[in-house]
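The values are calculated or read from the model by the stated rules, or taken from the named source; none is laboratory data. Remember, it's a predicted structure, so these values are computed and weren't measured experimentally. Note: ideal-geometry Cβ built from the backbone for every residue, glycine included; neighbour counts use all protein chains shown.
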Amino acid sequence: MSLQDFVESPKFEHYKERFKDHYRLERRADGVILAQAHTRGGSVQLSVQNHRSLGQLFKAIGADPENEVMIFTGTGKDFMMDADPEGFKLEEEDLPHWAYEYAYKDGRINVSALVNDLEIPTIGILNGPGFHSEIALMCDITLCSEDAIIYDLHYDIGSVPGDGIHSCFQELLGVKRAAYALLTGEAFDARKMLEYGMVNEVVPKDRLIERAYRLADHIMTQPRITRRLATQIIRRPWRQRITDDLDGGFGIQMFAHLAKRKSMHGRAHIAERGAYVRQGRKNSFD
């Protein structure tokens, strides 16, 4: 008998309670786990706090051997279209500290945890319009609602698009399309996302989770080792991409924040710059 025991793995009932203010978690008996991001029961409003929670959640799910497939989505009519009114107060009060903690460390962990710490198949759902769509787009399979629209607002709010969305867009869209999208805030509707290969299926909003479970059911037909090793093959392009440019992109974005000596993340700023998406326009200037 070994002189030491295993360190206890995370328990679902514990991290379900731990993350309840940020995610509604459900898990079936077969290990398919559903994570629904929310802010007080509605669509996510971006903040320093929920930004940090994402990587923490992925690490907890990845460290629990009882999880077999993850479905990740938002809550409400939007994926993410707003910011918490006080969500960046900490950054405004101490920008040098939070430019590292929030913009650099937490952001890198969020993307790298999705790709590296989850050794199970992942299904992302864009349940409506939103920014920071890379978390759903970089899942192994991605579904979106018929009314989903994605865009990147970084450049329009005076920030550098270097926090993972650049890696995602360049991988999925190619160099020229990604450059245009990142510099103009181009909005992609569901039809265009499907045409460009950013998502796999467009599904009516009320059937998104049902469809994700149907895909998970198929994935679960093969043995555990097959599922987990298949992710090593499927995930390899993302791992190469983020190894090549994620840290550098975040570092450049953080430098820009500090050089301007101001936070770029105010709620009014984000809502104002994203208004064209709700108006059905391609960008904010045409």
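Below is a table of values for the structure above.
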quantity: Test: residue in the range 201-208 that is of a type in the set (V, I, T) and out of contact with any helix residue (DSSP H, G or I) (no Cβ under 9 Å at 6 or more places or on another chain); calculated: no
quantity: Test: residue in the range 218-240 that is outside any helix (DSSP H, G or I), touching a His at 6+ places or on another chain (Cβ under 8 Å) and in contact (Cβ under 8 Å) with a residue 24 or more places away in the chain; calculated: no
quantity: Single unsatisfied condition, L118 versus (1) out of contact with any Gly (no Cβ under 6 Å at 6 or more places or on another chain); (2) surrounded by fewer than 24 Cβ atoms within 10 Å (Cβ to Cβ); (3) farther than 15 Å from Q45 by Cβ; calculated: (1)
quantity: Subset of the range 65-86 (residues that are assigned to a loop (DSSP other than H, G, I, E, B) and either of a type in the set (A, V, I, L, M, F, W, C) or surrounded by fewer than 18 Cβ atoms within 10 Å (Cβ to Cβ) (or both)); calculated: P65, E66, G76, K77, F79, P85, E86
quantity: Residue match in the range 104-118 (condition: over 18 Å from S167 (Cβ atoms) and of a type outside the set (D, E, K, R)); calculated: no
quantity: Yes/no for R18 being under 29 Å from D82 (Cβ atoms) and surrounded by fewer than 20 Cβ atoms within 10 Å (Cβ to Cβ); calculated: yes
quantity: Wholly enclosed strands (runs of 3 or more DSSP E) of the range 1-61 bearing at least 1 residues closer than 19 Å to Y213 by Cα and without any contact (Cβ under 8 Å) to a residue 60 or more places away in the chain; calculated: 23-27, 32-37
quantity: Search result, residues across the range 257-280 that are out of contact with any strand residue (DSSP E or B) (no Cβ under 7 Å at 6 or more places or on another chain), modelled with pLDDT of 85 or more and buried (at least 17 other Cβ atoms within 10 Å of the Cβ); calculated: Y276
quantity: Contacts under 9 angstrom Cβ, first residue in the range 85-104 being farther than 20 Å from A271 by Cα and of a type in the set (A, V, I, L, M, F, W, C), partner modelled with pLDDT of 85 or more and assigned to a loop (DSSP other than H, G, I, E, B), 6 or more apart; calculated: W98/F88
quantity: Residues of the range 160-207 satisfying the condition of being assigned to a helix (DSSP H, G or I), of a type outside the set (G, A, S) and buried (at least 22 other Cβ atoms within 10 Å of the Cβ); calculated: I165, H166, C168, F169, M193
quantity: Matching residues, the range 170-193, being of a type in the set (A, V, I, L, M, F, W, C) and touching a residue at least 24 places away in the same chain (Cβ under 8 Å); calculated: L172, L173, A181, L182, L183, A187, F188, A190, M193
